[in-house]
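Undergrad: Can you read through this structure? Questions will come right after.
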């Protein structure tokens, strides 16, 4: 990288960062719920109620939200780089 490139440390609130954080939290909640619902099946315990299985669906939702955030962040970086390149000309 050259000295003209923008650093992520300079702009902590880049577009999409909030979506990535929210997506990671949703993914973690879904992963814990998945473990919590599958574990009783392996240990021979009683099944959890059906709503517990619906919480597992938060994991792919979190993945999708984080992916949208990553795309939004990449698009913002591309716009900033092209604006900077246009200003240099």
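The values are calculated or read from the model by the stated rules, or taken from the named source; none is laboratory data. Everything numeric here is computed off the predicted structure, so don't read it as measured data. Using ideal geometry, Cβ is built from the backbone for each residue, glycine included, and neighbour counts are taken over all protein chains shown.
Undergrad: Failed condition for residue 44, given (1) on the phi > 0 side of the Ramachandran plot; (2) surrounded by 14 or more Cβ atoms within 10 Å (Cβ to Cβ), with all others met?
TA: (2)
Undergrad: In addition: Identify, from the list 27, 42, the residue that is modelled with pLDDT of 90 or more and under 30 Å from residue 79 (Cβ atoms).
TA: 27
Undergrad: Can you run down the residue pairs with Cβ atoms below 7 Å, 6 or more apart or on separate chains, where the first is in the range 76-89 and within 14 Å of residue 15 (Cβ to Cβ) and the partner is surrounded by 10 or more Cβ atoms within 10 Å (Cβ to Cβ)?
TA: 76/14; 76/15; 76/16; 80/6
Undergrad: Let me ask something else. Being part of a helix (DSSP H, G or I) and over 26 Å from residue 17 (Cβ atoms) is the filter here, so list the residues in the range 38-65 that pass it.
TA: Passing the criteria: 38, 39, 40, 41, 42, 43, 50, 51, 52, 53, 54.
Conditions tested, residue by residue: (1) within 29 Å of residue 69 (Cα to Cα); (2) in contact with a helix residue (DSSP H, G or I) (Cβ under 6 Å, 6 or more places away or on another chain).
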position: 31; (1), (2): yes, yes
position: 35; (1), (2): yes, no
position: 43; (1), (2): no, no
position: 49; (1), (2): no, no
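Undergrad: Contact list please: Cβ distance under 6 Å, first residue in the range 50-70 and on the phi < 0 side of the Ramachandran plot, second residue in a helix (DSSP H, G or I) and surrounded by fewer than 16 Cβ atoms within 10 Å (Cβ to Cβ), pairs at least six apart or on different chains.
TA: Pairs found: 59/31; 65/22; 66/24.
Undergrad: To continue, here is another question. Within the range 1-15, is even one residue within 30 Å of residue 82 (Cα to Cα) and modelled with pLDDT of 95 or more?
TA: no
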